[in-house]
Ligand code: NI
């Protein structure tokens with residue numbers, strides 16, 4: 001018996017150490033590991049650094065900052081008005097999602113921010129966004145201002161000269177961002193998301 005007790009104690013200590021390691025490891029993964037945390041609302045929170053301040057002008061040449069859109073959700077997309085297909089597709093989805101939300105959609109401001117301010121003047125962008133939704137806001141600015149905004153949302157863009165055409169085009173990432181009433185990032189939609197997907201997710205935050 002006297003020889004067995006220390007062995008049992010040693011066994012228990014080893015078991016406790018293994019358990020403690022597992023618990024610490026699990027906590028480390030929970031706290032440090034994932035960049036996405038599921039909220040009570042079931043939405044996907046993470047990438048918290050997406051978004052930020054911007055200084056742009058709207059289609060009427062009025063200076064605009066995120067403060068102008070506080071109190072409502074913002075549905076934001078970056079692109080350019082000359083874009084042949086990607087931008088129109090995404091902006092149409094945004095407009096359709098707004099329509100699906102019906103009256104509740106009034107608490108969402110759909111926003112298009114250009115990455116091509118050289119061509120997208122306030123007048124140009126105002127006429128362009130009107131194609132997609134009556135309440136869609138088009139924002140432009142100086143190249144510095146639109147570049148800073150794109151950077152805040154981690155949007156990639158690059159001017160590309162097409163040797164076959166006199167016009168240049170813009171390579172750009174195509175993601176729709178949903179921001180909360182304080183201007184903080186909620187989630188994003190990739191090209192795979194349908195207008196129905198967008199409306200459903202946005203509806204959870206209204
Ligand atoms: Ni585009």
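The values are calculated or read from the model by the stated rules, or taken from the named source; none is laboratory data. Every value quoted in this text rests on a predicted model; they were computed, and no experiment measured them. Backbone-built Cβ (ideal geometry, glycine too); neighbour counts: all protein chains shown.
Observations on the structure shown:
- Scanning region 66-88 for residues that are surrounded by fewer than 18 Cβ atoms within 10 Å (Cβ to Cβ), within 17 Å of the chain's Cα centre (by Cα) and either assigned to a loop (DSSP other than H, G, I, E, B) or modelled with pLDDT of 95 or more (or both) yields a count of 2.
- Index of the failed condition, residue 52 passing every other in (1) more than 19 Å from residue 187 (Cβ to Cβ); (2) at pLDDT below 95: (1)
- The residues of region 89-109 that are within 16 Å of the chain's Cα centre (by Cα) and within 16 Å of the ligand (Cβ to nearest atom), listed by number, are 90, 91, 93, 94.
- Filtering region 100-117 to residues that are in a helix (DSSP H, G or I) and in contact with a helix residue (DSSP H, G or I) (Cβ under 7 Å, 6 or more places away or on another chain) leaves 100, 101, 104, 105.
- Strands (runs of 3 or more DSSP E) fully within region 136-187 that include at least 1 residues being modelled with pLDDT of 95 or more and more than 18 Å from residue 65 (Cβ to Cβ): 157-161, 168-172, 176-179.
- Residue 156 vs. criteria within 16 Å of the ligand (Cβ to nearest atom), in contact with a helix residue (DSSP H, G or I) (Cβ under 9 Å, 6 or more places away or on another chain) and under 23 Å from residue 92 (Cβ atoms): yes
- Flag for residue 202 being at pLDDT 95 or above and not in a strand (DSSP E or B): yes
- Screening residue 59 against (1) part of a loop (DSSP other than H, G, I, E, B); (2) within 16 Å of the ligand (Cβ to nearest atom); (3) in contact with a helix residue (DSSP H, G or I) (Cβ under 6 Å, 6 or more places away or on another chain) leaves a single unmet condition, (2).
- Subset tally (residues that are touching a residue at least 24 places away in the same chain (Cβ under 8 Å) and more than 13 Å from the ligand (Cβ to nearest atom)) for region 159-184: 9
- Cross-chain or 6+ apart pairs with Cβ under 6 Å, region 72-97 first and closer than 19 Å to residue 50 by Cβ, then assigned to a helix (DSSP H, G or I) and within 8 Å of the ligand (Cβ to nearest atom): 77/90; 79/87
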